[in-house]
Amino acid sequence: MKQSRKSLPKRHSSLEERLSRARRSRAVADAKFRARQAQGKLRRFVSANFRKDEVIASLALRRGECNRCGACCEILFKCPFLKKHKDGTTTCGIYEDRPNVCRLFPIDKRDLQEVNGSCSFYFIEKPVKLEKAS
Ligand code: SF4
Ligand code: SF4
């Protein structure tokens, strides 16, 4: 007599199988993150060079200050001009001549997802309307 699927004893996966599944899902998450970073780099390049009005509108919603963590200089790869200091801060070796994409980071809130929460900037939803003085 054929045994139905339901009545078959549950097969417990071995530790090795579980570890390999965890490794695979980590690799997939990592690949997705890097793909998002690559997409972001391209998007920022286009925005900074060809969509100035959109950049101005987006920056009007940005708040906060740079904490010099340097995370934006290590998106996909570490920039060769990035200098790391003992106190955890960083500086740019070509600060005065750094490209526009560096000057403008983060352009919008999607950019924050590429630096794993290190960036101290944030974005508000709507521009704040100033009330008329009475
Ligand atoms: S050029 Fe300077 S600001 Fe731009 S990524 Fe490199 S270190 Fe960072
Ligand atoms: S990730 Fe944000 S806080 Fe960190 S260096 Fe870049 S702009 Fe500054």
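The values are calculated or read from the model by the stated rules, or taken from the named source; none is laboratory data. This is a predicted model, so every value here is computed, not measured. FYI the Cβ positions are ideal-geometry reconstructions off the backbone, even for glycines, and counts take in every protein chain you see.
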With the condition being at pLDDT below 95 and loosely packed, with under 11 Cβ neighbours inside 10 Å, I'd like the helices (runs of 4 or more DSSP H) fully within region 1-113 carrying at least 1 qualifying residues.
15-50
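Per-residue answers, yes or no, for (1) within 16 Å of ligand 1 (Cβ to nearest atom); (2) among the β-branched types (Val, Ile, Thr); (3) without any contact (Cβ under 8 Å) to a residue 40 or more places away in the chain:
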position	(1), (2), (3)
Arg44	yes, no, no
Lys78	yes, no, yes
Pro106	yes, no, no
Lys109	no, no, yes
Phe123	no, no, no
Taking the conditions exactly as written (without any contact (Cβ under 8 Å) to a residue 60 or more places away in the chain, more than 10 Å from ligand 2 (Cβ to nearest atom) and over 22 Å from Leu42 (Cβ atoms)), does Lys84 satisfy them or not?
yes
Scanning for something over 23 Å from Lys32 (Cβ atoms), within 12 Å of ligand 1 (Cβ to nearest atom) and in contact (Cβ under 8 Å) with a residue 12 or more places away in the chain, does region 46-62 turn up at least one residue?
yes
Could you say whether any residue in region 67-77 is touching a strand residue (DSSP E or B) at 6+ places or on another chain (Cβ under 7 Å) and more than 11 Å from ligand 2 (Cβ to nearest atom)?
no
